[in-house]
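Undergrad: Take a look at this one; I'll ask things after.
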Amino acid sequence: MQPTLEELRVRHGTRYKWLVLLTVLIGTMASILSSTIVNVAIPDLSHHFQIGQASAQWVAAGFMLAMTLSMLATPWLLLRFGLRRTYTGAILLLLVGGIIGGFSSNFALLLAMRVAQGLAAGVLQPIPNIIILRSFAPNEQGRAMGLFGFGVVLAPAIGPSVGGFLVELFGWRSIFFVVVPFCVIVLFLIRRFLPVNSSLMGETKALDWKGLLLVSVSTMGVLNGLTHLQAEPLFGGALLLLGAAALAGFIWYQRRAVQPLMNMRLYRYRQFTMGALVAFIYGMGLFGSTYLLPVYMQMALQYSPTHAGLVLLPAGIVLALVIPLAGRLADRFSPHLLVTLGLGLLTLSFGLMTSGSAATTFLTLAVWAVIGRAGLGFVLPALSLGSMRGLDASLIAQGASAISFLRQMGGAIGVSLAGIVLEWRLAAHHVSLTDVASDAAARIHAFDETFWFVTLVCASAMFAAWRMRPAEPDLKPEPGDADGSAAP
C-alpha cells in the first residue's frame, strides 16, 4: 500500500517538498533534453532517410507543436488524474517514444515518436512551476525557482554537445536513448516520493475540448500550409485559410466560453498584449535559429557533429550566469528596457551569422552564439514580469500560461519557417544539402540568407518590446501621494 501525502510529509520532514521538486525537475530536464538534442542529428537523419529540409524540420517542429498543445491540457490532467498518475503517464510516454524512436525503421514512425515525446514534454514542463507556487512558502520560492531555472537552462546547454558526441560515435539512433536513464530514475523517484492521491491542484473543472480542438486545427493548418505553399500553392493556401478560420473561431469561442482555455480579457491590457507578441516573435527567432545553427555548421561549414554541438556549450554557460543578474536588474529597471536590450543582442547575434563563410572559425561562431544567449538571459526573467505587471490578480495564472503557450507556438512555427526558407534559398542557388558535390559557397549563401530572415524576425519583436513600457500614470505618482503608488 502506497503512503499518503501526510505520511510522506511526516516521514521526510521539511525536506519533502525539495524531494518532490527534484523528482519533477529531473523529468522536466529529460523532456527539454529530448527537445534540443535532436537538432544536431538532423543532417544525419536527412542522409539516412533521404529527405529534404521541408520534411526534416518536422522532427523538431512536430515535437514543439505537440508540446505546445499538450501544455494547455496539463492543468485539467492534474485535476482529473492527480500529480502521480499524470507525471507517471508522461514519463512513460517519453520513455516509450525514446526507445521506439531509436529503433525506427522509417521516417513516419520516427516522426510519430517525436510527436509522442512532444506530448509528454508539454505535460511535464509546467508542473515544477505549479509545485513551487503551491508547496513552497513565499520566502522559499525564489530559491526553488533558482534551482528549477538552473536545471532548465542546463539541459539545452549540454543537450547539443552530448548529442553531437553521440551522433559522431554511435549515429543518430543513440540520441533517442539518452532519455531512457533519466526516465528510469524518475519512475523510481515517483514511486518513492509522490502519493497516489494529492489535493495539490484543488477542484476538478471541465476541459475546454472545443477550444483545444480549434487551436489544434489552426496550428496544424498553418504549419502544413507553410510546408506545402511552395510546391503546391493552391493546397498550401487552402490549409492556411483553414488555419486562419480556425484561429478566428477559437478567438470567437473563447470570448463566450464559461471556462475558456485562454481568457481573452488578458488582451485588454496593452502591456500583456505587447508581451504576448514579443513571446511569439522571439520564440520564432530563438527556436528557428536553434534548429538552424547545428545544421548550418555541419552541412555548410563541414564541422563534425561534436563540434556543431559544442558551439552552444559556452553560450549555455553564459546564459546560466546572466539570468540571475538579469533577475536582479528587473527589480531596478523597467522590464521593457531589459527585454528590448536582450532582443537587440539576440538580433545582433543572428545578424553576425549572416556574414558566415568557409573562413569563419569555430571560436567566432561560439562568440556570436554567446552574444545571442546573453541577450536571451535578459529577456527570460523580464518578459513575464513586464507583460503581467498590472494584470488583475484573477488573470495572473492564465497570463503566465498564455505567455508560455505563445512562446512555444512561435517556436514551432519558427522551426517550420526556418526549414522552409532554407529549402527555398537552396533551390534558388541550385544546391541541396544531401548532395555533397554541390557548390559549397552557394550552400553557405543559402544559410546566410536564411539567417537574415531570423534576424528580421527578432528585430521586429523589439518594437513590441518597447511598447511594453508602463503607461504614464504608472510612472508618475499623483501629487501628495505619500508612497508614490497612485491609482491609474
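The values are calculated or read from the model by the stated rules, or taken from the named source; none is laboratory data. Everything quoted here is computed from the prediction, not taken from an experiment. FYI the Cβ positions are ideal-geometry reconstructions off the backbone, even for glycines, and counts take in every protein chain you see.
Undergrad: Check off (1) at pLDDT below 85; (2) assigned by TED's automatic domain parsing to the domain that holds Leu286; (3) among the charged types (D, E, K, R) for Asp481 and give me the number that stays unchecked.
TA: (2)
Undergrad: Moving on to the next point. Does Ala61 satisfy the criteria of being small (Gly, Ala, Ser), under 10 Å from Gly118 (Cβ atoms) and either modelled with pLDDT of 85 or more or out of contact with any Pro (no Cβ under 9 Å at 6 or more places or on another chain) (or both)?
TA: Judged against the criteria, Ala61 is a match.
Undergrad: Related question: Output the residues belonging to the range 86-101 that are among the polar types (S, T, N, Q) and free of Cβ contacts under 8 Å to residues at least 60 places away in the same chain.
TA: Within the range 86-101, just Thr86 meets the criteria.
Undergrad: Also, I was wondering about something else. Please count how many residues of the range 85-101 are in contact with a Leu (Cβ under 9 Å, 6 or more places away or on another chain) and either small (Gly, Ala, Ser) or crowded, with 18+ Cβ neighbours inside 10 Å (or both).
TA: Residues that pass the stated criteria total 11.
Undergrad: In the set Val370, Val415, which member is crowded, with 17+ Cβ neighbours inside 10 Å, over 17 Å from the mean Cα position of the chain (by Cα) and touching a residue at least 12 places away in the same chain (Cβ under 8 Å)?
TA: The unique qualifying residue is Val370.
Undergrad: Please tell me if Gly275 is of a type outside the set (Ser, Thr, Tyr) and at pLDDT 80 or above.
TA: yes
Undergrad: Surrounded by 24 or more Cβ atoms within 10 Å (Cβ to Cβ), touching a residue at least 40 places away in the same chain (Cβ under 8 Å) and either touching a helix residue (DSSP H, G or I) at 6+ places or on another chain (Cβ under 9 Å) or more than 23 Å from Gln57 (Cα to Cα) (or both): is that true of Leu338 in this structure?
TA: Here the answer is yes, as Leu338 does meet what is asked.
Undergrad: Wholly within the range 196-301, which helices (runs of 4 or more DSSP H) include no fewer than the required count, namely at least 2 residues that are within 22 Å of Trp452 (Cα to Cα)?
TA: Counting at least 2 such residues, we get 209-229, 270-299.
Undergrad: Another question about this same structure. Select from the range 238-265 the residues that are touching a Leu at 6+ places or on another chain (Cβ under 6 Å) and of a type in the set (A, V, I, L, M) and list them in ascending order.
TA: Result: Ala246, Leu261.
Undergrad: Of the residues in the range 231-254, how many are surrounded by fewer than 17 Cβ atoms within 10 Å (Cβ to Cβ), among the small types (Gly, Ala, Ser) and over 14 Å from Gly211 (Cα atoms)?
TA: Within the range 231-254, residues that are surrounded by fewer than 17 Cβ atoms within 10 Å (Cβ to Cβ), among the small types (Gly, Ala, Ser) and over 14 Å from Gly211 (Cα atoms) number 4.
Undergrad: Let me spell it out: the conditions are (1) of a type outside the set (Phe, Trp, Tyr); (2) touching a Ser or Thr at 6+ places or on another chain (Cβ under 6 Å); (3) in the same structural domain as Ala440 (by TED's automatic domain parsing), and Gly285 meets all of them except one. Which number is the exception?
TA: The single condition Gly285 does not satisfy is (2).
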